[in-house]
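Q: Provided herewith is a single structure, encoded as structure tokens, for subsequent inquiry.
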Amino acid sequence: MLTGALAVAATDLPMARLGVSDPTGWSARDWTADAVPHLMYGLATYGAVSAADRDR
């Protein structure tokens, strides 16, 4: 979850600061569309790191 949350912050904060998009105006559907892939990325990253640790 933390990796996914960091991925959201790493993409949404620069986007907002550069004026590309304004996340404060996003609907719940917009946030879901943005957050779900990032959370899946976090889960996949965790799974890969965990699997690599088990192989040692």
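Coordinate-derived values only; no laboratory data. Keep in mind that this is a model prediction, so the values were computed, not measured. In this analysis, Cβ positions are derived from the backbone assuming ideal geometry, glycine residues included, and neighbour counts consider all displayed protein chains.
Q: Rounded to the nearest 500, what is the chain's calculated 222 nm mean residue ellipticity when only DSSP H runs of at least 4 contribute -39500 (n - 2.57) each, over all residues?
A: Here the helix-only value at 222 nm equals -26500 deg cm²/dmol.
Q: Tell me, what HN-Hα J-couplings in whole Hz come from the Karplus equation 6.51 cos²θ - 1.76 cosθ + 1.60 at θ = phi - 60° for each residue of the stretch 10-27, using x for Gly and Pro?
A: 5, 9, 6, 5, x, 4, 5, 5, 7, x, 6, 8, 10, x, 5, x, 6, 7
Q: Could I ask something else about it? Once the dipole of the chain is set up with Lys and Arg at +1 and Asp and Glu at -1 on Cβ about the Cα centre, which of 21, 48, 8 lies farthest towards its positive end?
A: Towards the positive end, the residue furthest out is 48.
Q: Let me ask something else about it. Calculate how steeply helix 28-54 sits against the longest principal axis of the alpha-carbon atoms of the chain, using the helix alpha-carbon long axis, and give the answer as 0 to 90 degrees to the nearest 10.
A: On a 0 to 90 degree scale, this one is about 20.
Q: While we're here: What does the charge dipole of the chain about its Cα centre add up to, to the nearest 20 debye, if the Cβ of each Lys and Arg holds +1 and the Cβ of each Asp and Glu holds -1?
A: 120
Q: Between residue 43 and residue 20, what is the label-point separation in nm under the 7 Å Cα-to-beta-carbon projection?
A: Taking the two extended label points, one gets 2.5 nm.
Q: In the neighborhood of residue 9, defined by Cβ-to-Cβ distances under 14 Å, what is the net charge if each Lys or Arg adds +1 and each Asp or Glu adds -1?
A: After counting each charged neighbour, the total is -1.
Q: With 5 Å bins from zero, work out the P(r) of the chain over every alpha carbon pair and list the percent per bin.
A: Taking every Cα pair in the chain, the percentages come to 4, 19, 21, 21, 14, 8, 6, 4, 2, 0.
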